[in-house]
Each structure stands twice: as structure tokens, then as C-alpha cells.
Amino acid sequence: MFQQTSKIVEMENIDWGKLPFGYLKTDFNVRSVFKNDAWCQLEVSDSEYIPVHIAATGLHYGQEAFEGMKAYRGKDGKVRLFRWIENAKRFQHSAKGVFMAEVPLELFHEAIVKAVKLNKRFIPPYGTGAALYIRPLLFGSGAEVGVKPASEYTFIVFVSPVGPYFKEGFNPVKIAVIRDSDRAAPLGTGTFKVGGNYAASMRGIAKAHNSGCGGPMYLNAKDKLYVDEIGSANFFAIINNTYTTPKSESILQSITNMSLIQLADDIGIKTERRPIAVDELESFEEVGACGTAAIITPIGEINDTEKNKVYRYCKDGKPGPISVKLYNTLVGIQYGYVPDKYGWTEIIELN
Ligand code: PLP
Ligand code: COI
């Protein structure tokens, strides 16, 4: 019934160093369904499609959540996952947030490992800056017409080799302050990684792109006085040798950000989670976006057109020294050439 539209790209045609952050068809995905109050055994599929009930709550009421993580091929040839347990726990937090069945941690782990192993030929080589993006998703697949939770859920994990989220990579990007749309409300769904937040962010992303910027900066929805997030990434700033990042009830708790806080502390930099006023943007020495997809993306310029202000950083066109140090340590742990003293990585045995 469904036609396969994407062709598997011939391996020799993949330019690993130039991969965008996008979808590339791989060999297999894995799936499990929750019905009659239990998760079924994982199934492997080579189809990119799923038959979905026309009244599935995921389609109508956005009963959906997803995750984003990566498998990294290291300098030593080994393939590592980074802090997958945190993604698994956040996936449960998101599921709970929109009344879905939670995926047990063991099932999550089994699914991501299986998806990586089955698609091992798509794990980008070391040194290309690319990695295998892992996308777990969960949605209400049971039929309802009233607004209520479904009694059936579908969990899928697919993978795609990707390059950096911002085309600039580890080079300064321009960001636009958004004041005429919000991503998430203070007591809304901002801390859950649910599809609705991303639908809500599309207006801001489009506006940022239309003004020549790489992404949007969201402010707190209530009074627009504080910084929330940079599109699909958390925000951080360095001021007076302090790594500072927003405390807000409407942002996603980034695993990358949580790791950077620890790494900053390790190199003797103070760390602080607190509301960050827009008025402070002027005083920051370094600013950046961080996340699985964004890694650390230094911000070179923030345009606040409505206030007629432009904030400039990276004056010599390069990321600041603390951002560089944090980037090198984080990426070094992920690719296995910096000691992983916290046990954040797990090596996947590919055979
Ligand atoms: N904020 C949003 C809205 C995101 O979508 C993401 C990506 O997952 C992040 C922040 C960064 O989170 P993490 O570092 O866990 O990938
Ligand atoms: C990630 O960093 O993994 C994300 O989820 C970003 C994605 C929404 C594009």
C-alpha cells in the first residue's frame, strides 16, 4: 500500500564531511506497540512507513513525544552512546506529561542499540564531524475522538547519519530574538520533548531564517524579559568566568547543557542556573547554543529588531576560549579521546 519513496543512498556517494542535519534512509528501524497494558516484543522493519489509524490521538491531539541522541564512531574505531539513560528518563518524563504509556528503560536501551547495530554501515567515520542520529518516538496510535489518552501506543526508533544542526558548525551563528510568538507557556509543555512545542516553534524559526539568521531566541512567554531557549537548543553565556544558563519552567532540560555544567565546574569555572534577563545580553563575554544536534554552536550575533539592538560576540570571528575548551572536552568524551571519568558513554559492541 505504501510506496518506498526514499532510496538508500549508495555508501560511496555519501560525503560524510558535508552531511546536513537531515533524513537519510537507512536499512532498518525497530518498533514496539503498547496494547492491553503491555509492551510487545521489539520488531525490526525495513519499511519507512507505519499504518496509522485515522483517529489515532497522536495525529489529532499531538499525543506524541520524541528523543534525539547520537552514536559516535571514535578515534579508536569504537562506537559510543552518550548518556542514553538521561534520554530514556526524559522520554518517560515527556510520556507522563502527555499521558502516554512510558517506555521502560530496558526496552528503550534495547531499541536504540538494536537500531544502531542494524544500521552500523551508516555510522559516519571518525574525523568527519558527523554522527549517527538516533530518533526514538512515541505516539498515541489508539483511536479516540474525545480528547483523552489513547489505550494503544507505538514506539519507534530510526536512525540517520547527520552533520551539525547549524550549517556554521563550530563557527559563530546569528540568532534572532522572537517577540511575536512563543514556543511554550510557563506551566505548559516546555519541559516535555513533545511535537507540539516544535510545531509552535516553526513560526519563530521561519522568522529567524527570513531575517538572515540561523535560528530563533525565545524569551519567557509571560513578559518577554528573560531568555528561554535557542530554537532546539539551550542557551548559555559566559560572564566573569561563570557559565550561566537559564532557569525556566518552560525549557527542555538539555543533557548537553547538564554535561557542560559539570565540565565547566571541572575546569574551575563557576556555574549558575538563573533567570537571564534580555538586558544582560550586552554584558556577556561568550554566548552559545547547546544540544545533541547543535553540540556547542557559538553565537556571534543576536539581533533584537523590535528593540533596535544588535549584540555582537566573537569579535574576531572565532568562538571564545571557554566555549572552545568546553567543546573540545565534550566532543572528546563523545568520540573517546578524552577520558570519560563520569562513565557517560557506553560502547556498543557491533558484532
Ligand atoms: N532544547 C530543545 C527545545 C531541544 O529540542 C533540544 C534537543 O534535544 C535541546 C534543548 C537540547 O537538549 P539535549 O542536549 O538533551 O539534546
Ligand atoms: C536534538 O538536539 O537532538 C534535537 O532534538 C533537535 C531536533 C529537534 C532538530
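The values are calculated or read from the model by the stated rules, or taken from the named source; none is laboratory data. Remember, predicted model here, so these are calculated numbers, not experimental data. All Cβ positions, even for glycine, are placed from backbone atoms using ideal geometry, and neighbour counts span all protein chains on display.
Within region 202-234, restricting attention to residues that are within 12 Å of ligand 1 (Cβ to nearest atom), surrounded by 22 or more Cβ atoms within 10 Å (Cβ to Cβ) and free of Cβ contacts under 8 Å to residues at least 60 places away in the same chain, which residue is nearest to SER323 (Cα to Cα)?
Checked region 202-234; the qualifying residue nearest to SER323 (Cα to Cα) is ASN234.
Strands (runs of 3 or more DSSP E) wholly in region 238-322 with at least 2 residues that are among the small types (Gly, Ala, Ser) and crowded, with 22+ Cβ neighbours inside 10 Å - which ones?
Correct list: 286-291.
Within region 261-284, is even one residue more than 19 Å from PRO216 (Cβ to Cβ), within 16 Å of ligand 1 (Cβ to nearest atom) and out of contact with any strand residue (DSSP E or B) (no Cβ under 6 Å at 6 or more places or on another chain)?
yes
Quick test of your reading of the structure: ASP304 fulfils all but one of (1) in contact with a helix residue (DSSP H, G or I) (Cβ under 8 Å, 6 or more places away or on another chain); (2) modelled with pLDDT under 95; (3) among the acidic types (Asp, Glu). Name the failing condition by number.
(2)
Exactly one of these conditions fails for ALA206: (1) modelled with pLDDT under 95; (2) in a helix (DSSP H, G or I). Give me its number.
All conditions pass for ALA206, except number (1).
Check PRO186, PRO216, PRO161 and return the single one that is in contact with an Asp or Glu (Cβ under 6 Å, 6 or more places away or on another chain) and either at pLDDT 95 or above or outside the structural domain of PRO125 (by TED's automatic domain parsing) (or both).
Of the residues listed, the single one that is in contact with an Asp or Glu (Cβ under 6 Å, 6 or more places away or on another chain) and either at pLDDT 95 or above or outside the structural domain of PRO125 (by TED's automatic domain parsing) (or both) is PRO186.
Just to confirm my filter: which strands (runs of 3 or more DSSP E) fall fully inside region 124-192 and include at least 3 residues that are within 30 Å of PRO321 (Cα to Cα)?
Filter on region 124-192 gives 131-140, 173-178.
Kindly indicate the residue of region 259-310 that is in contact with a Pro (Cβ under 6 Å, 6 or more places away or on another chain) and within 24 Å of ASN328 (Cβ to Cβ) and also nearest to ligand 2 (Cβ to nearest atom) among those meeting that condition.
GLY288
Quick check on region 53-64. Is at least one of its residues farther than 24 Å from SER232 by Cβ and small (Gly, Ala, Ser)?
Yes, that holds for at least one residue.
Which numbered condition in (1) at pLDDT below 95; (2) within 16 Å of ligand 1 (Cβ to nearest atom) is the only one that ARG80 fails?
For ARG80, the exception is condition (1).
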